[in-house]
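*Asks:* Structure in structure tokens, see below.
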Amino acid sequence: MNQIKIGRFIAEMRKAKGLTQRQLAESLSISDKTISKWECGNGLPEVSLMLPLCDRLDITVNDLLSGERVSETDYQKKAEENMMDLMKENAENKKRMVLSIICGVITIIAVCSLIVIASYIKLPVIARIAVIVLALLTAAAGIGAAAVLDRKAGYFECPHCKALFVPAMGEYVKGYHTVTKRRLTCPECGKTGMCRHRTVR
């Protein structure tokens, strides 16, 4: 999906309707910041908002996902392309999630092995310190890589408004979490809660 193209199309259709970002946002019961985010190409409307948005702008979902008005002759082809793009995006998100888990497991094994070496094998003090430092660096690099992959592997769903969003890296790192949820602040409604991680839109 070309988010920049879709964002420009949303802005174009909104202006053609004579609506401000605030008016469109109010009609969809969301914030005008969300409309601005879409129009700047920094995100796509979640599935629950696509039909209401399209109704308000008098366009089809196919038009929206294509970022342009689709002629009747091209409609089927564009629909298939959009469906393939969504499937590809979901597959990539699942792949990132698996890579994140693998990265985490490898990091744990590597760090534990280095700690065992530093603890139980006779080494000069300087070598022991070097192994401990290497263990710390390995842990930091592995956790960082896993976090980057996990954050980009799909979306987080707000428990309050059900909006889907990708958090900023700083907020992601600071938010405490369980296996499937992370405490985050929703950019749509502004509420903080345990947001479920989802790999599909």
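Read the figures in this text as sums done on the coordinates, not as results from a lab. Keep in mind that what you see is a predicted model, and the values were worked out from it rather than measured. Backbone-built Cβ (ideal geometry, glycine too); neighbour counts: all protein chains shown.
*Asks:* Please report, for the Cα atoms of the chain, the Rg to one decimal and the Dmax as a whole number; what are they, in angstrom?
*Replies:* Over the chain's Cα set, Rg and Dmax evaluate to 22.3, 77 Å.
*Asks:* If you don't mind, there's one more thing I want to ask. Between Cys195 and residues 5 or more places away or on another chain, which pairs have amide H atoms under 5 Å apart, with H built 1.01 Å from N, and which residues are they?
*Replies:* Residues meeting the criterion, in which the H sits 1.01 Å from N, are Arg182, Arg183, Leu184.
*Asks:* Which of the listed residues, Ala25, Ile143, Leu184, is farthest toward the dipole's positive end in the chain, when Lys, Arg count +1 and Asp, Glu count -1 at the beta-carbon?
*Replies:* Ranked along the dipole, the leading option is Ile143.
*Asks:* Let me ask another. Using DSSP to define loop residues, name the chymotrypsin sites (Phe, Trp or Tyr not before Pro) in segment 135-185 whose beta-carbon has at most 11 other beta-carbon atoms within 10 Å. If you can, show how the numbers build up before the last one.
*Replies:* On the way: sites: Tyr155, Phe156, Phe165, Tyr172, Tyr176; in loops: Tyr176.
Passing sites in segment 135-185 are Tyr176.
*Asks:* Next question. Can you pick out the pairs among Lys78/Lys191; Lys15/Lys94; Lys37/Lys88 whose Cα atoms lie more than 31 Å from each other? Each step should come with its number before you reach the end.
*Replies:* Numbers: Lys78/Lys191 37 Å; Lys15/Lys94 37 Å; Lys37/Lys88 23 Å.
Flagged as over cut-off: Lys78/Lys191; Lys15/Lys94.
*Asks:* By counting other Cβ atoms within 10 Å of each Cβ, how are Leu64, Leu57 ranked from fewest to most? It would help to have the intermediate numbers written out before the result.
*Replies:* Working: Leu64 22, Leu57 19.
Ascending Cβ contact count within 10 Å gives the list Leu57, Leu64.
*Asks:* Would you mind ranking Arg22, Arg14 by Cβ crowding within 10 Å, fewest neighbours first?
*Replies:* Ascending number of Cβ neighbours within 10 Å: Arg22, Arg14.
*Asks:* Assuming R0 = 30 Å, what is the FRET efficiency of Ala16 and Met87, from their Cβ-Cβ distance, to the nearest 0.05?
*Replies:* So the FRET efficiency works out to roughly 0.45.
*Asks:* Under 8 Å for C-alpha pairs, at least 6 residues apart: give me the relative contact order for the chain, rounded to a whole percent.
*Replies:* Across the chain, relative contact order equals 18 percent.
*Asks:* Take Ile117, Ile109 and order them by how many other Cβ atoms sit within 10 Å, fewest up front. Display every interim value, and only then the final one.
*Replies:* Details: Ile117 16, Ile109 11.
By the 10 Å Cβ count, ascending: Ile109, Ile117.
*Asks:* Let me ask another. What Cys residues in the chain have no fellow cysteine's beta-carbon under 4.7 angstrom?
*Replies:* By the Cβ distance rule, which asks for a partner under 4.7 Å, the isolated cysteines are Cys40, Cys54, Cys103, Cys112, Cys195.
*Asks:* What's the extension gain from Tyr75 to Cys161 if we count 0.36 nm per residue and subtract their Cα-Cα distance? Working shown, then result.
*Replies:* Numbers: separation 86, 0.36 × 86 = 30.96 nm, distance 3.21 nm.
Gain on extension, Tyr75 to Cys161, equals 27.8 nm.
*Asks:* On to the next question. Go ahead and collect, in residue order, the members of segment 140-168 whose backbone nitrogen is under 15 Å from a label point 7 Å along the Cα-Cβ direction of Thr180.
*Replies:* Of the residues in segment 140-168, 155-159 have backbone N under 15 Å from the label point off Thr180.
*Asks:* Please give the length that would be gained between Asn42 and Gln23 if that part of the chain were fully extended, namely 0.36 nm times their separation in residues minus their C-alpha to C-alpha distance (nm, one decimal).
*Replies:* Working: separation 19, 0.36 × 19 = 6.84 nm, distance 2.00 nm.
Here the segment from Asn42 to Gln23 would lengthen by 4.8 nm.
*Asks:* Let me check against my output: what whole-number percent is the relative contact order of segment 77-152, with C-alpha pairs under 8 Å and at least 6 apart?
*Replies:* On the way: 45 pairs, mean separation 34.2, N = 76.
Dividing the mean separation by the residue count of segment 77-152 yields 45 percent.
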